Structure formats: C-alpha cells, structure tokens
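The values are calculated or read from the model by the stated rules, or taken from the named source; none is laboratory data. Here the structure is a predicted model, which means the values were calculated and not measured. Cβ sites come from the backbone with ideal geometry, for glycine too, and all protein chains shown count toward neighbours. Heavy atoms of the whole protein, side chains included, go into the accessibility calculation; ligands, DNA and RNA do not. Shrake-Rupley method; radii C 1.70, N 1.55, O 1.52, S 1.80 Å.
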Amino acid sequence: MSDSTATTTTDLDVRLEKHRVELTGYCYRMLGSSFEAEDAVQDTMVRAWRSYEKFEGRSSLRSWLYRIATNVCLDMLTAGNKRARPMDLTESTPLAQAALSPRPDNTWLEPMPDSRVLPTTDDPAEAAVAKESVRLAFMAALQQLPPKQRAVLILREVLAWKASEVAELLGTTVASVNSALQRARATLAEQQQPGSDAAASDPLDDEQQKLLERYVAAFEGYDMTALTALLHEDAIMTMPPFDLWLTGVKDITGFMTTLGAPCAGSHLVPVQVNGLPGFAQYKPDPEAGGFTPWAVQVLEISDGRITGFHCFLDTKRWFPLFGLPLHLEAQADQVEEGV
C-alpha cells in the first residue's frame, strides 16, 4: 500500500467514524437492541469502506451512510421480531402470584447508554428530541410500526429530514413518504404507552436531583417507608429477562422485601441511560466480598414521583456496555460514574 493510499484510507476511516454515534442511535431506534444496533453500524461501516470507490458524491457522505444503515436494518427486521417490554406482552401480576419466568434475550427491548446513541449538540431543543426518542416508552411504541414506517418516522420526526430526502433514501416518492408518516403517527396516537408521559429535564432540575438523592438513600438503606414516599401510586416495576411486572407501591415494596430481599445493602452507581436517569445496581457478594453486578436500573419520573422502575438483569452483557466493572470492593462510594 502506497503512502497516499494509506493516507486516503485513514482519512476515510476518520470521516466514517464521525458518524458512528448518530448511526448507532438510528439503528438502535430501528432495532430496539443495543448489540444488534452496534452490529448494524459495524456492517454499515464495512459496506461503506468496501464500496467507497463507487460512491459518486451525488449525495452527502452522511446521507449515503444512512441509506446503507437503513438497508442493513430492514434486512435484519425481515424476521419480524418486535422487541418489547414486559407490559407489552402480559398483564400485570399481583405479588401473591409473582413468578420469575424468563424469556429469550431477543424478546426484550434493551437499554442503551446515552453516550453511544446521543451525539453532542449545542442545540437544547435538538438534544431534548434526541433524548425523548430513545426513552423506553417511545422505543416500545416504535417497535409496533412496520419497518419502513419506523424508518420514515425516525428520519422525519426525530432527525428532521425533509420528505424529499427520505424519499430519495428509500427509493420512493414524497407522497409515499408522507402517507407512511401519517399512518405511523396514527398508530402511535392509538397507543397509550405506560411511561410515555415520564420526563426529566436536561440537566436535572433541583427537585429531580433531590428526588434521585432520596431514592439512592432509600434504596441503599432498603428503607421501604422512604421508598414508598418516592413512588407514584401507579408506579410500574419490570425486570427483563423475566416477563413479570408489578404495579403499585404495595406490590413493588412487597416484592423487594420477599423475592428481592437479597438486594438489601446494595450500592448504586449513576448512569445515563435511554435519555433518563439510571443506576448500575451492585448487590453484596457474600462469597467474594464487596459487591457484584445485579441490574441496570432505568427510572421514569413524572410530577415529582418515580413512575417507572425498570431493572435489566443480564449484567454480564449490560455492565461492560456501560463501561462498568464486574466487581466492586467494599469501598464502593469511591467508584466513579459509569459512561
């Protein structure tokens, strides 16, 4: 390889890499899976690198990459799998009937660190839209759309592409794009998604920050009285990969003091996940000492209360994704925030 060819290759790698975060966000919204999204982006980068000589520059490099990424995602979605949350699949279970029944990994909508899907922007409005569009409730709603409608909605509503740009990307007409967008909007409007009204300011306002501080104190102290004061009366708790989900303070705290009792004495490390505040939960490790990973918690907040409490338990997958260690020594309060 000549020096000039090596330089060109390096330059192309740099140019492609600049788009990785936004492409990962796009693929994540399309697929609902953290790991499938990263695989899709890697496939996109490889295809772009291999076919770059055929890229004639009739569109921007960014548009060309989105076209490749869209085709990769549509190919991956041909199997028809729709990722979901527990409340999308079953009815709420009373605590007295609670049973921990796991479902396969490809059933579930997966969590994602903000840093992997939300590009840095100086525009507060753009940042707010981006965060709202990766929240669990919106992501679950997206999964109900046919793949091409999903792509149209994301490109038009989230990424603010023009109808003509989307039509060119999908190889269709503006009228077809507008029709798909109208149908997608209608489908979303019909669905009253639990958690869809959950909001958190960016950055968190004083009230929300104090709520989270009280939550950490209550959870780490396993103080159910204090936790009760923080939860909305209709709060929801989920624990993928188990399909069980609980509604209401009494059942949630009841679960935590029975089946969830081993979580007493846990330590929480703050993370930014799905545009919402969250925590990596480490519970005491009776065998090795210190703390062992247990869950990535995603909190939904509305009107000064916690309305959603979602615990993703497959820690061998999630903690490395968030850049978090798989063991903490006892001096856990010195651990820095995960990425």
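Which of the residues belonging to the range 75-96 are closer than 30 Å to Arg47 by Cα and in a loop (DSSP other than H, G, I, E, B)?
Within the range 75-96, Gly80, Asn81, Lys82, Arg83 qualify.
Please enumerate the residues belonging to the range 24-50 that are over 11 Å from Leu109 (Cα atoms), of a type outside the set (Phe, Trp, Tyr) and either free of Cβ contacts under 8 Å to residues at least 40 places away in the same chain or outside any helix (DSSP H, G or I) (or both).
Asp39, Ala40, Val41, Gln42, Asp43, Thr44, Met45, Val46, Arg47, Ala48, Arg50
Would you point out which residue out of Ala99, Ala69 is in a loop (DSSP other than H, G, I, E, B), of a type outside the set (Val, Ile, Thr) and in contact (Cβ under 8 Å) with a residue 24 or more places away in the chain?
Sole residue among the options that is in a loop (DSSP other than H, G, I, E, B), of a type outside the set (Val, Ile, Thr) and in contact (Cβ under 8 Å) with a residue 24 or more places away in the chain: Ala99.
Would you mind listing the helices (runs of 4 or more DSSP H) fully within the range 194-286 where at least 2 residues are at pLDDT 95 or above, at negative phi and within 22 Å of the chain's Cα centre (by Cα)?
Filter on the range 194-286 gives 206-220.
Which number in (1) more than 24 Å from Arg317 (Cα to Cα); (2) assigned to a helix (DSSP H, G or I); (3) among the polar types (S, T, N, Q) marks the one condition that Thr121 misses?
(2)
Of the residues Arg183, Arg150, only one is among the charged types (D, E, K, R), without any contact (Cβ under 8 Å) to a residue 40 or more places away in the chain and in a helix (DSSP H, G or I); which?
Details: Arg150 fails: without any contact (Cβ under 8 Å) to a residue 40 or more places away in the chain.
Only one candidate qualifies: Arg183.
Specify the residue that is least open to solvent (accessible area, probe 1.4 Å); the eligible residues are those in the range 238-274 that are in contact with a Phe, Trp or Tyr (Cβ under 9 Å, 6 or more places away or on another chain) and small (Gly, Ala, Ser).
Among them, the one singled out is Ser266.
Just for the range 102-116: of the residues that are under 20 Å from Arg20 (Cα atoms) and assigned to a helix (DSSP H, G or I), which one is most open to solvent (accessible area, probe 1.4 Å)?
Top of the filtered list is Arg116.
Here is a check on your reading of the model: is Arg156 at pLDDT 95 or above, crowded, with 17+ Cβ neighbours inside 10 Å and not β-branched (Val, Ile, Thr)?
Answer is yes for this residue.
Which residue out of Pro119, Pro86, Pro124, Pro94 is of a type outside the set (D, E, K, R) and open to solvent by less than 20 Å² (accessible area, probe 1.4 Å)?
Pro86
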